[in-house]
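Here is the structure we will look at.
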Amino acid sequence: MSFREILEQLNIRATCKQYGLGMWRCPQFLFLLMGSVIIITALVTYFLGTRYVADPGTVSLIVLVLTVILFVLTFSITRSLEGLAEANRLKTEFISIVSHQLRSPLSNLKWALEILVSDRFGKIDGKPAEYLQILSDNTKRMGELISSLLIVSRIDQGRLPIHNAEFPLSDLVKEAIAEFKPIASASNIEIVLETVKPNLPQAFGDSSQLKIVIENFIDNAVRYTKGAGKIVVAIVPKKDRLLFSVKDGGVGIPKEDQKHIFQKFFRSGNVLKYQTQGSGLGLYIAKSIVEKSGGKIGFKSEQDKGSTFWFTIPIAGR
Amino acid sequence: MVYHTNSGPLSGPIYRAISSLLKNNNFMSKKILFIEDEAALQKTLGDVLEQEGYKVIKALDGEAGLKAAQTGIPDLILLDLILPKMHGFEVLKALKGDTATKDIPIIVLTNLESMGDIEKALELGATTYLIKASYTLEEVVGKIKKALGE
């Protein structure tokens with residue numbers, strides 16, 4: 001942290017206001033106060049110790065008083081941190097409850113629209129059919145967003161269910177590529193799976209969760225490729241791991257944004273120029289899933305040149 | 001209701017001719033009990049099932065659902081879990097504990113998706129556990145047909 005950043009951090013009143021906390025409940029302010037009291041205690045002890053050595057009783061009393069003040073301050077800090085932790089827990093619970101509550105009306109919408117689009121009870125043509133498609137697409141989008149929020153709340157509560165088992169990673173990848181092929185070719189984007197080595201060992205992890213990660217990588221690559229382009233997907237064995245990667249020639253991630261890329265709700269400034277859709281949850285979820293599966297996740301990116309996102313996953317039986 | 005297993009005098013080509021004649025008739029069509037407190041969902045899935053030729057009996061709460069199952073003996077039960085008056089798990093337990101209803105296939109259709117709920121439902125004897133948000137209507141109809149052995 002640079003000196004300037006420290007100074008900015010010290011703008012305590014603004015920081016506490018931003019968190020919506022009063023000064024006496026704000027950890028930043030309380031820490032500063034405690035630091036000051038500790039310094040004062042040390043100075044006073046030194047001052048008194050060198051001058052009033054003849055009366056150790058007075059010295060002890062003053063030091064005792066200062067210690068009590070310190071104790072009270074530490075207690076307040078602990079309480080304020082407890083308050084923040086509780087607020088965080090409530091926020092996660094809130095997301096979880098709201099998402100669950102939204103799911104029921106959304107299921108109703110989804111199924112009713114499915115009936116209308118399917119022409120089961122009569123055909124709908126022309127403009128009304130176009131509007132129906134808009135309703136249907138956006139209901140799907142909302143459903144995906146709610147699913148992402150639910151996954152995030154589970155991650156934050158430490159309740160993301162991971163069921164590890166042996167599975168063929170290449171099959172999962174081929175399935176995901178097939179899903180994205182139509183939408184990619186509509187934008188003149190080609191998705192290529194690099195030749196997979198024969199006898200590729202089975203992976204060990206939660207295939208249904210890892211599919212979310214694979215889809216997220218490919219989805220991002222398609223989303224952030226401007227105009228025609230090529231996306232290269234690869235699986236290679238690396239010691240006791242399988243390395244999966246997705247390389248695109250898209251907009252890339254600016255250097256200053258790279259350290260935030262796996263943060264919850266973070267969206268890079270340059271992608272907002274091209275793509276307003278997106279929740280900023282995909283890579284946060286991806287990181288949690290990969291790490292819970294015993295793998296690693298990372299990327300290499302250069303602005304306007306493209307990105308390569310990768311993860312590793314243990315090989316079964318190793 | 002047992003026309004499809006009938007092997008008495010009404011068997012062979014005559015039986016098949018009669019049963020195909022009656023298949024599209026409410027009298028002979030299979031009966032599905034749909035226990036669900038969301039009226040909108042009962043309407044959508046209910047309408048589609050009726051169009052597929054099933055007779056759909058609807059119950060809006062757990063108690064009414066259990067009573068309907070015991071008096072009408074359906075061929076299949078669609079059961080939501082969060083229900084007024086009686087929770088879906090209690091309905092499931094009561095149905096599986098009653099000799100008259102214990103063999104009816106039960107599909108749990110809910111938005112609860114914790115592993116605990118899924119395991120509990122299957123332990124209590126549910127045939128299938130479906131999370132509404134994860135399936136299209138057509139997929140649900142497919143699962144119902146499969147559970148009915150069609």
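The values are calculated or read from the model by the stated rules, or taken from the named source; none is laboratory data. Owing to the predicted nature of the structure, the values given are computational and were not obtained by experimental measurement. Methodologically, a virtual Cβ is constructed for each residue, glycine included, from the backbone with ideal geometry; neighbour enumeration extends over all protein chains shown.
State the number of residues belonging to the range A:226-239 that are at pLDDT 90 or above and outside any strand (DSSP E or B). So the count comes out to 0. Checked against the criteria, B:Thr110 counts as closer than 21 Å to B:Ala64 by Cα, within 10 Å of another protein chain (Cβ to nearest Cβ), modelled with pLDDT under 95 and out of contact with any strand residue (DSSP E or B) (no Cβ under 6 Å at 6 or more places or on another chain). Within the range B:25-64, being within 11 Å of chain A (Cβ to nearest Cβ) and β-branched (Val, Ile, Thr) holds for B:Thr44, B:Val48. Restricting B:Leu49, B:Leu78, B:Leu45, B:Leu92 to residues that are more than 22 Å from A:Leu113 (Cβ to Cβ) and either aliphatic (A, V, I, L, M) or part of a helix (DSSP H, G or I) (or both) narrows the list to B:Leu92.
Within the range A:170-188, not a single residue is among the basic types (Lys, Arg), under 30 Å from A:Lys91 (Cα atoms) and part of a helix (DSSP H, G or I). If the requirement is being more than 29 Å from A:Lys91 (Cβ to Cβ) and in contact with a Ser or Thr (Cβ under 9 Å, 6 or more places away or on another chain), which of these qualifies: A:Tyr52, A:Tyr46? Exactly one of A:Tyr52, A:Tyr46 is more than 29 Å from A:Lys91 (Cβ to Cβ) and in contact with a Ser or Thr (Cβ under 9 Å, 6 or more places away or on another chain), namely A:Tyr52. Inclusion of B:Thr71 among residues that are hydroxyl-bearing (Ser, Thr, Tyr) and more than 14 Å from every other protein chain (Cβ to nearest Cβ) is warranted.
In this structure, does A:Ser107 turn out to be at pLDDT 85 or above, within 14 Å of chain B (Cβ to nearest Cβ), part of a helix (DSSP H, G or I) and closer than 30 Å to A:Ile155 by Cβ? For A:Ser107, the condition - at pLDDT 85 or above, within 14 Å of chain B (Cβ to nearest Cβ), part of a helix (DSSP H, G or I) and closer than 30 Å to A:Ile155 by Cβ - is met. Hey, does the range A:129-151 have a residue that's away from chain B (no Cβ under 14 Å), in a helix (DSSP H, G or I), among the aromatic types (Phe, Trp, Tyr) and within 27 Å of B:Gln42 (Cα to Cα)? Yes: one or more hits. If you filter the range A:110-128 down to residues that are part of a helix (DSSP H, G or I) and farther than 20 Å from A:Met142 by Cα, you find that the one that is nearest to the other protein chains (Cβ to nearest Cβ) is A:Pro128.
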